Amino acid sequence: MANTENHIITVRTYLIVYAALIVLLFATVGGAMLPLGAMHLPVAMTIAVIKAVMIVLIFMHVYYSSALTKITSIAALLWASLLLAITLADYFSRGWLDIPGK
Amino acid sequence: MSSLSTTLEETALGRDVAPRRTETLLSPHFDNVEQQSNASILGMWFFLSTEIMFFSGLIAAYTIYRALSPEAFRLGSQHMHVWLGFFNTLVLLTSSLTMALGVRESQLGRRDGVVWYLVATAVMGAAFLGVKAVEYSMEIEHHLFPGVNFQVPAEDAEALAEISATPEELQTNLGRFQMMFVLYFFITGVHAFHMIIGIVAVLIMAALMKRNWFSGNGTTQIEVLGLYWHFVDVVWVFLYPLLYLIDLSGGH
């Protein structure tokens, strides 16, 4: 059954993605050891997001999936960001958090 | 010999197991095999969406408490075993590779390959849990498990006293230091629970694959199993820097 959804990714592609994930793993540990100060969290999260996107697109085949699956995976991300953004907005705007320079 | 049995013998390729059903069985409520496969994958993504929400709630709690007491979280993070976590991340990423290759084998109709890649994935999952158990036992031994036996290490208590203006603030910071470990044990514990379910599911699917349970080489079933496994990997990709790597630069 050679269906269109069964796009077979080459072993080479999987290995390249794997190698990139390992490089980024070293990068995230290395970044934590550098004196980045307040930039530690943004750097670590940027690396984590890049790793997650690679896993989702290639390992989880979302890049080759149906439009409905693509939308569902993005919707999950949207709900998660709504949760974080609105919760944090509440805390920040009520002054429940110490914000440097405020 | 009827023509049907001849066909079955041909597709069995001389194996002494049940003949392989290379044609995917189509449930009557689907139009075609592609729609059937897409429905399964979509269903798994719906489930994973709820999982993302579940872990997001925990990450939100972490974010708020860390924003409230960044120093307590930074000090707490120093007690994590960075290199054990590093090893575990490596193991989990590798297990995702073997899972992806297992899915590929099923797409190509190579059942034996699927079984071996699934077993390799389960072995690495078990290795992850073993290392996690070692980490937990060391942390419990050092009184870092929240509860009556929890003790803030002396140097951390001193560091928190230095940044606290009042005794009340110090008490809050000491509590937040423990809160870091509450979140650490809860989030990694729930993640480990997902790993246990994943390992059991992978082994069941490997056994079923071995016994020729699936039609159509089980491509959709293995793909859906892979989605779950990769999701658990993605969660760890975020947990590792958030819990272990807040700041290792030493100078502060």
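Working from label points 7 Å from Cα in the Cα-to-Cβ sense, the B:Q151 to B:H81 distance is 2.0 nm.
Relative contact order of chain B, taken over Cα pairs closer than 8 Å and 6 or more residues apart, is 35 percent. Shape index of region B:11-158: Rg/Rh, with Rg the Cα radius of gyration and Rh the Kirkwood radius from the inverse mean 1/r over Cα pairs, equals 1.15. Considering every pair of different Cα atoms, what Kirkwood radius, in Å, is found for the protein assembly as shown? The Cα-based Kirkwood calculation yields 22.3 Å. One decimal place: the segment A:R94-A:I8 gains 25.8 nm when fully extended, by the rule 0.36 nm per residue minus the C-alpha distance. Taking label points 7 Å from Cα along the Cα-to-Cβ direction, B:L90 and A:V23 give a separation of 1.8 nm. Annotation: extensible slack from B:A207 through B:N32 equals 60.3 nm (criterion: 0.36 nm per residue apart, minus Cα-Cα distance).
Using the alpha-carbon positions of region B:186-252, Rg (one decimal) and Dmax (whole number) come out as 17.0, 60 Å.
The magnitude of the dipole of chain B, with charges of +1 and -1 set on the Cβ of Lys/Arg and Asp/Glu and taken from the Cα centre, is near 860 debye. Surface analysis of the protein assembly as shown yields an accessible area of 48 Å² per residue, using protein heavy atoms and a 1.4 Å probe.
If you line up the long axis of helix B:111-141 against the longest principal axis of chain B, both from Cα atoms, how many degrees apart are they, to the nearest 10? The helix B:111-141 is inclined about 20 degrees to chain B.
Here each label is just a point 7 Å from Cα along the line to Cβ, and for B:T50 and B:I140 those points are 3.1 nm apart.
Given in Å, the Rg to one decimal and the Dmax to the nearest whole number for the Cα atoms of region A:1-86 are 16.2, 54.
Does anyone have the angle between helix B:219-239 and the longest principal axis of chain B? Alpha-carbon axes, 0 to 90°, nearest 10? Rounded to the nearest ten degrees, it is 10. When A and B come together, around 4600 square angstrom of accessible surface is lost from both chains combined, probe 1.4 Å.
Each residue of region B:101-147 gets 68 Å³ once the volume of the Cα convex hull is shared out per residue.
Place a point 7 Å from the Cα of B:E162 along the Cα-to-Cβ direction; which residues of region B:217-252 have their backbone N under 17 Å from it? Answer for region B:217-252: B:247-252. Working from Cα pairs under 8 Å separated by at least six residues, relative contact order for region B:121-252 is 27 percent. Angle of helix B:3-12 to the longest C-alpha principal axis of chain B, folded into 0 to 90 degrees and rounded to 10: 40°.
The loop-placed trypsin sites (Lys or Arg not before Pro) in region B:161-252, going by DSSP, that have at most 15 neighbouring Cβ atoms within 10 Å of their Cβ come out as B:R211.
The values are calculated or read from the model by the stated rules, or taken from the named source; none is laboratory data. Values in this document were obtained by computation on a predicted structure and should not be read as measured data. Quick reminder, even Gly has a Cβ in these numbers, built from the backbone with ideal geometry, and neighbours come from all protein chains shown. Note: accessible area is taken over every heavy atom of the protein model, side chains too, but ligands, DNA and RNA are not part of it. Shrake-Rupley method; radii C 1.70, N 1.55, O 1.52, S 1.80 Å.
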